[in-house]
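In what follows, a single structure is set out as structure tokens and then discussed.
The values are calculated or read from the model by the stated rules, or taken from the named source; none is laboratory data. Because the structure is predicted, anything quoted here is derived from the model rather than measured. Positions of Cβ are generated from backbone atoms using ideal geometry, with glycine treated the same way; all protein chains shown enter the neighbour counts.
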Amino acid sequence: MNTQPTASHFINGAFVEDSSGTEIPVIYPATGEVIATVYAATPAIIEQAIASAKAAQKAWGKLPGTERGRILRRAADIMRDRNHDLSVLETYDTGKPYSETSVADATSGADALEYFGGLAGAITGEHIDLGGDFVYTRREPLGVCAGIGAWNYPTQIACWKGAPALACGNSIIFKPSETTPLCALKVAEILHEAGLPAGLYNVIQGMGPQGAQLITDPRIDKVSLTGSVPTGRKVYAAAAENIRAVTMELGGKSPLVIFDDADVENAVSGIILGNFYSSGQICSNGTRVFVQRGIKGAILARLTERLANAQMGDPLDPDTTFGPMVSAAQREIVEGFIAKGQAEGATLVTGGTRPDKDGFWLTPAIFADVTDDMTIAREEIFGPVVSILDFDTEEEALARANDTIYGLAAGVFTSDLTRAHRMCAGFEAGTTYINTYNLAPVEAPFGGMKLSGVGRENSKAAIEHYSQIKSVYVGMGDVEAPF
Ligand code: TXE
């Protein structure tokens, strides 16, 4: 596959190049080879993107929702038709195995386009009767949105932000992570092929400074970020300067609580999905696995056994089930956490080593005997490392699960129905699971409490975050005035 894009940026319906920006090599994580080069947006490129998004938005916002939606749904169909090629590109961009990308990335992006495409015609205001006079509300677009993406789900994030923004009548400028710049360009291309007018979905490349320049422009009406908490603080503060709306999808240190009465096989599957899918590089991962003491032995034994079945190999081979870390830098961060875990007294049961291969590989790691105060139990690792903590009572498990600055996700495995619901009611997290983990269907709200974020993506809830309400008061009688 030719992984070199036509040009670095996609602006006003066309690829645009400006090689005077900082060079960004695109590295295939499985081998460490450079597979493409793009250039960070210069101020002139950012200006072009904002000007075109601003100009195109007005007419788009006035179209009936069903017309906007039809284009999004057509784009969803094209994405599904091209799932194979898009999945291969996602694998090159991120290193995630094709066995994952072929079912979780372009497919999830297409789901978002289809769902919000369908919803676009149903975005309405309401009528408020005042016994004569009345008010009606109009749900209007915000204007020009800026989307800033992380590197773990480049296609999905480009669609999860783009689809609701466009459905609501906005335009969007999306800046992918500098680590994975390729996939969003394909999303832009497909949207335009589906009939999206020029200027409504633009992609510009760059690092933090380019992101910062984009979001601080006064013509940007909304900022949506997926990234780390430190970046979230900066982006939120920058948006606050102009009193702009934000959606923040940030990090997590989510708890997964497994009670003695849980089905061992399903609970272990939950641990695997919540810690080793995408080599552990998922914000909602359940990285603090609290296991009730009576089931600890069974869970650890079965988890260790099943991890040995992870197939590390060429990510493009459909039999490979475990890929490399996204970058050399990310692998070093994760190795640093593993060293800290050992130094602070946790038991490294297995993994955490570099196999003898090129690229950024790291074997999946299990830590047992982890305590709440250890660094690996407090900070987001963002790699294939699970921490197993022991507990005795439900009350204790819930209190310890919530003892974190984060609140993105939480899960519980138990066969006690009422306890499961009690736990979910008690979790301080935006996305919770009973007897499963880490599924994120477009129909359900996704997002975090506490430091994990603001706002929700997906579902009808996202409409609130990409539109605004105007009320129209209608006087039906004479106007009374005091003098
Ligand atoms: O994310 P960053 P990075 C976590 C994970 C990982 C760490 C670093 O713990 O180890 O973040 O990853 C852009 N104004 N997550 O460096 O730095 C930046 O260019 C505007 C969790 O990739 O947060 C990129 O496009 N934009 C996360 C995006 O912000 C700025 C997924 C995210 O970068 C900016 C990925 C600025 N001042 C990593 N500074 C999750 N929750 O899913 C940076 N950017």
Q. Residue check, residue 34 against (1) part of a strand (DSSP E or B); (2) closer than 25 Å to residue 444 by Cα; (3) without any contact (Cβ under 8 Å) to a residue 40 or more places away in the chain, all met but one. Which one?
A. (2)
**Q.** The listed residue being closer than 24 Å to residue 277 by Cα and surrounded by fewer than 24 Cβ atoms within 10 Å (Cβ to Cβ), out of 393, 375
**A.** 375
Q | Qualifying positions in the stretch 174-201 - of a type in the set (Val, Ile, Thr) and within 13 Å of residue 78 (Cα to Cα) | A | 187, 190
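One line per residue, one yes/no per condition, for (1) within 16 Å of the ligand (Cβ to nearest atom); (2) of a type in the set (A, V, I, L, M):
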| site | (1), (2) |
| --- | --- |
| 95 | yes, no |
| 106 | no, yes |
| 111 | no, no |
| 127 | no, no |
| 135 | no, yes |
| 153 | yes, no |
| 159 | yes, no |
| 173 | yes, yes |
(Q) Can you find, within the stretch 314-341, the residue that is surrounded by the fewest Cβ atoms within 10 Å (Cβ to Cβ) among those that are away from the ligand (no atom under 15 Å from the Cβ) and among the charged types (D, E, K, R)? (A) 319
Q) Got a sec? Which strands (runs of 3 or more DSSP E) wholly within the stretch 397-483 have at least 1 residues that are crowded, with 19+ Cβ neighbours inside 10 Å and at pLDDT below 95? A) none
Q | Output for the stretch 187-207, where each listed residue is out of contact with any strand residue (DSSP E or B) (no Cβ under 6 Å at 6 or more places or on another chain), closer than 23 Å to residue 151 by Cα and outside any loop (DSSP other than H, G, I, E, B) | A | 187, 189, 190
(Q) Can you confirm whether residue 273 is out of contact with any helix residue (DSSP H, G or I) (no Cβ under 8 Å at 6 or more places or on another chain) and either within 16 Å of the ligand (Cβ to nearest atom) or closer than 29 Å to residue 90 by Cβ (or both)? (A) yes
Q: Tell me, please, whether a residue that is closer than 22 Å to residue 259 by Cβ, modelled with pLDDT of 95 or more, hydrophobic (A, V, I, L, M, F, W, C) and more than 16 Å from the ligand (Cβ to nearest atom) can be found in the stretch 372-386.
A: no
Q. Quick one: in the stretch 214-264, which of the residues that are near the ligand (Cβ under 8 Å from one of its atoms) and more than 15 Å from the chain's Cα centre (by Cα) is farthest from residue 285 (Cα to Cα)?
A. 214
Q | Residues being within 12 Å of the ligand (Cβ to nearest atom) and surrounded by fewer than 22 Cβ atoms within 10 Å (Cβ to Cβ) - total across the stretch 194-209 | A | 3
